[in-house]
Amino acid sequence: MQDFKKLQVWQKSHDLTLRVYELTSQFPREEMYGLTNQIRRACASIPTNIAEGCGRGSSVDFARFLHIAMGSANETEYLILLARDLKYLDTDLFAGLMNTIIEVRKMLTSLLRRLKTGNC
């Protein structure tokens, strides 16, 4: 397969993960083993699954890992929404994160479509 670091969707999701780690470091201490841990794991799962899928030998395997990454993006979206509703994120930070998650999902969908048609 290809070098995952060259994929724009991996780069975007990696940057998102770095941002989530930065922002969640400001969450209340009592959330360290709750929401903070959960949101970090869900978000990091996106670029992790993209990287793992790139290391597989077939497009079918790669697509399976991209679907898992999509699920992690959906999970991250909900956890970001929860963090906002708990007042851990202000409206501007929330909006920026949501825009990035939406962009990552669109990129994953596009890559999956290209894999399906053999144009990848």
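The values are calculated or read from the model by the stated rules, or taken from the named source; none is laboratory data. A quick note: this is a predicted structure, and the numbers were derived from the prediction, not measured. For neighbour counting, all protein chains shown are included, and Cβ atoms are generated from backbone atoms with ideal geometry for every residue, glycine included.
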Quiz item: Taking segment 37-59 as the region of interest, how many residues are within 15 Å of the chain's Cα centre (by Cα) and either hydroxyl-bearing (Ser, Thr, Tyr) or over 30 Å from residue 116 (Cβ atoms) (or both)?
Solution: 6
Practice problem: Could you look through segment 82-101, keep only residues that are touching a residue at least 12 places away in the same chain (Cβ under 8 Å) and aliphatic (A, V, I, L, M), and pick out the one that is nearest to residue 36 (Cα to Cα)? | Solution: 83
Quiz prompt | Those residues of segment 1-21 which are among the charged types (D, E, K, R) and under 15 Å from the mean Cα position of the chain (by Cα), in sequence order | solution = 5, 12, 15, 19
Self-check item: Members of segment 1-37 that are closer than 17 Å to residue 87 by Cβ and of a type in the set (S, T, N, Q)
Solution: 24, 25, 26, 36
Practice problem: Search segment 54-73 for residues that are on the phi < 0 side of the Ramachandran plot and pair each with any residue that is at pLDDT below 95 and part of a loop (DSSP other than H, G, I, E, B) when their beta-carbon atoms are under 6 Å apart and the residues are at least 6 apart or on different chains. | Solution: 54/1; 54/2; 62/56
